[in-house]
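What follows is a set of notes on a single structure, which appears directly below.
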Amino acid sequence: MSLPKYPEYRVTDSKLVAEVPKDWQLVPLRRLLPVIESGTSVNALDNQPEEGKPSVLKTSCVYTSCFRREECKEIVEEELGRATCPVKKDSLIVSRMNTPDLVGAAGLADSDIDHLYLPDRLWQVRIGELIPAFAYYWTQSRLYRDQVKAACSGTSSSMQNLSQEAFVSFFLCRPESEEQNQIVSFLDRETAKIDALIAEQQRLIELLQEKRQAVISHAVTKGLNPTAPMKDSGVEWLGEVPEHWAVCAVGHRYEVRLGKMLDEKRVTGNYLGPYLRNTDVQWQSINVKELPEMDFEPHEQERYSLREGDLLVCEGGEVGRSAIWEGNRKPCFYQKALHRLRPLYTEQDDCRFQLYLMRMACSKGVFEASSGKATINHLPAESLRRYRFAYPPLEEQVAVTNHLSVKCMRIDALQKEAESLVLALQERRSALISAAVTGQIDVRGLVKAEADEQ
């Protein structure tokens with residue numbers, strides 16, 4: 001919708017905001033005498049705490065641009081005396097250290113929570129002369145994010161720091177309190193509408209993902225012939241499979257080979273070759289750009305090289321995540337964080353079918369048990385070789401994969417459309433907030449009209 005502008009503006013000296021409404025002030029945060037408190041780093045349990053138990057917030061409590069009190073960990077008893085800074089109502093909870101996209105992320109606490117404390121990576125901020133909700137919307141604006149981006153520093157590109165001195169130097173556009181309230185009322189109403197639309201699309205995405213998994217699971221365990229005689233697979237999570245399918249361990253059908261361990265001390269540079277890492281292998285793509293290199297000596301090159309059609313499986317992280325190597329970079333090798341699966345007999349198996357088997361197994365959590373209680377999941381080669389699946393004849397494998405390719409392509413197109421709509425709605429939300437808190441739109445009449453209708 002087209003929104004009205006203010007009747008009169010004045011030019012500013014700022015490069016980020018060219019003009020503001022005539023009666024608004026452009027003020028640095030320090031002039032509003034902000035109170036900034038920081039928590040303490042304390043040891044905590046990994047479990048979800050019971051209601052009322054002394055707990056410390058995770059930095060993820062503000063990852064979604066709102067404050068989520070449930071993102072916390074129970075403080076170990078020996079550390080209770082060290083916990084500081086309980087959450088107070090109408091305070092901004094701000095992440096002072098995080099990745100470039102998340103540093104400065106903020107949420108607004110809506111109540112006092114005396115048993116919930118801040119860690120040292122979070123601030124609790126209260127700002128004088130600003131309505132708390134208006135201050136919160138300011139932290140969601142492009143004006144705020146641009147200042148965060150310019151002010152942050154760090155020893156690495158993956159972790160950035162925001163100092164208090166930089167934070168209080170940020171400026172904002174401040175209207176009078178009554179007008180702040182009107183802007184908050186407008187944004188509460190309009191963002192709620194947008195959030196509802198986003199939630200609808202996100203639910204649709206979840207349903208499409210569930211449908212995708214259901215289609216894959218049915219095809220790779222039941223086949224395409226609904227009248228085929230069935231048998232018990234002998235594998236609890238597989239259930240019944242077509243009678244003529246062979247149920248056997250992966251190692252009976254595929255060569256499973258772990259990649260080369262990276263040893264920077266032994267790199268000579270004489271036999272450098274690009275190699276894939278765990279993060280390069282995603283479900284529907286493999287990154288081949290700007291790959292690192294290490295030595296692959298002549299006697300190692302065949303062992304760790306990739307051929308078109310090989311299946312790469314993640315050994316750690318999201319264990320089991322897989323993708324087909326399409327041979328679009330030659331030569332190319334792979335690191336120890338990945339397994340290479342290659343059919344023992346090409347006339348018997350197609351890696352594309354095994355890829356769908358891996359998707360099905362991951363969706364059912366089949367590989368999670370192999371990780372034990374380790375912090376990082378792992379799927380050793382000997383464990384992967386022992387997992388049992390049902391395999392149809394090669395001709396049927398090809399038919400199933402072709403069927404799934406068409407079905408999944410349609411589902412993926414719908415999911416991409418929904419994801420594009422979510423992105424557009426999020427951009428609309430951000431633009432609306434930014435325009436309102438910098439006075440680029442005049443919402444006073446809209447709020448009054450809404451109140452009159454009620």
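The values are calculated or read from the model by the stated rules, or taken from the named source; none is laboratory data. Owing to the predicted nature of the structure, the values given are computational and were not obtained by experimental measurement. Quick reminder, even Gly has a Cβ in these numbers, built from the backbone with ideal geometry, and neighbours come from all protein chains shown.
Here is a yes/no grid of residues against (1) farther than 30 Å from ARG145 by Cβ; (2) not assigned by TED's automatic domain parsing to the domain that holds TYR345:
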{"site": "PRO380", "(1), (2)": "yes, no"}
{"site": "CYS408", "(1), (2)": "yes, yes"}
{"site": "LYS416", "(1), (2)": "no, yes"}
{"site": "ILE433", "(1), (2)": "no, yes"}
{"site": "GLN440", "(1), (2)": "no, yes"}
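Can you run down the residue pairs with Cβ atoms below 7 Å, 6 or more apart or on separate chains, where the first is in the range 251-269 and assigned by TED's automatic domain parsing to the domain that holds GLU293 and the partner is of a type in the set (Val, Ile, Thr) and at pLDDT 95 or above?
Note: pairs meeting the criteria are VAL256/VAL250.
Which ranges mark the strands (runs of 3 or more DSSP E) fully within the range 149-227 that have 2 or more residues being surrounded by fewer than 19 Cβ atoms within 10 Å (Cβ to Cβ)?
Ranges flagged: 153-156, 159-161.
Restricting attention to the range 290-324, which residues are of a type in the set (Asp, Glu) and assigned to a helix (DSSP H, G or I)?
Here is the first cut: in the range 290-324, the ones of a type in the set (Asp, Glu) are 290, 293, 295, 297, 300, 302, 308, 310, 315, 318.
Answer for the range 290-324, where residues must be of a type in the set (Asp, Glu) and assigned to a helix (DSSP H, G or I): GLU300, GLU302.
Looking at VAL42, is it within 13 Å of ARG121 (Cβ to Cβ), assigned by TED's automatic domain parsing to the domain that holds VAL125 and in contact with a helix residue (DSSP H, G or I) (Cβ under 8 Å, 6 or more places away or on another chain)?
yes
Do the conditions hold for LEU29, that is, is it at pLDDT below 95 and either loosely packed, with under 15 Cβ neighbours inside 10 Å or under 22 Å from TYR136 (Cβ atoms) (or both)?
In short, no.
Looking at MET230, is it out of contact with any Gly (no Cβ under 7 Å at 6 or more places or on another chain) and assigned by TED's automatic domain parsing to the domain that holds PRO34?
Working: out of contact with any Gly (no Cβ under 7 Å at 6 or more places or on another chain): yes; assigned by TED's automatic domain parsing to the domain that holds PRO34: no.
In short, no.
Given the criteria in the same structural domain as VAL35 (by TED's automatic domain parsing) and at pLDDT 95 or above, does LEU108 qualify?
So LEU108 fits the description; yes.
What number of residues within the range 228-259 are in a strand (DSSP E or B) and surrounded by fewer than 17 Cβ atoms within 10 Å (Cβ to Cβ)?
Total satisfying the criteria: 10.
Can we say ALA390 is hydrophobic (A, V, I, L, M, F, W, C) and more than 18 Å from SER233 (Cβ to Cβ)?
no
Mind listing whichever residues of the range 278-331 are surrounded by fewer than 20 Cβ atoms within 10 Å (Cβ to Cβ) and of a type in the set (Asp, Glu)?
Hits for the range 278-331 are GLU290, GLU293, ASP295, GLU297, GLU300, GLU302, GLU308, GLU318, GLU326.
Residues to consider are PRO242, PRO226; find the one that is over 25 Å from GLU318 (Cα atoms) and either in contact with a Leu (Cβ under 9 Å, 6 or more places away or on another chain) or without any contact (Cβ under 8 Å) to a residue 12 or more places away in the chain (or both).
Details: PRO242 fails: either in contact with a Leu (Cβ under 9 Å, 6 or more places away or on another chain) or without any contact (Cβ under 8 Å) to a residue 12 or more places away in the chain (or both).
Result: PRO226 is the single residue among PRO242, PRO226 that is over 25 Å from GLU318 (Cα atoms) and either in contact with a Leu (Cβ under 9 Å, 6 or more places away or on another chain) or without any contact (Cβ under 8 Å) to a residue 12 or more places away in the chain (or both).
So in the range 112-140, with the set limited to residues that are touching a strand residue (DSSP E or B) at 6+ places or on another chain (Cβ under 8 Å) and without any contact (Cβ under 8 Å) to a residue 60 or more places away in the chain, which one is farthest from ARG189 (Cα to Cα)?
Of everything passing the filter in the range 112-140, ASP114 is farthest from ARG189 (Cα to Cα).
Could you grab me the full set of residues in the range 8-22 that are of a type outside the set (S, T, N, Q), outside any strand (DSSP E or B) and free of Cβ contacts under 8 Å to residues at least 40 places away in the same chain?
GLU8, ASP13, LYS15, ALA18, LYS22
Would you confirm, using the coordinates I've provided, whether LEU379 is buried (at least 17 other Cβ atoms within 10 Å of the Cβ) and among the aliphatic types (A, V, I, L, M)?
Spelling it out, LEU379 is indeed buried (at least 17 other Cβ atoms within 10 Å of the Cβ) and among the aliphatic types (A, V, I, L, M).
Considering only strands (runs of 3 or more DSSP E) fully contained in the range 23-88, which possess at least 2 residues that are in contact with a Cys (Cβ under 8 Å, 6 or more places away or on another chain)?
In the range 23-88, the matching strands (runs of 3 or more DSSP E) lie at 25-28, 35-38, 55-57.
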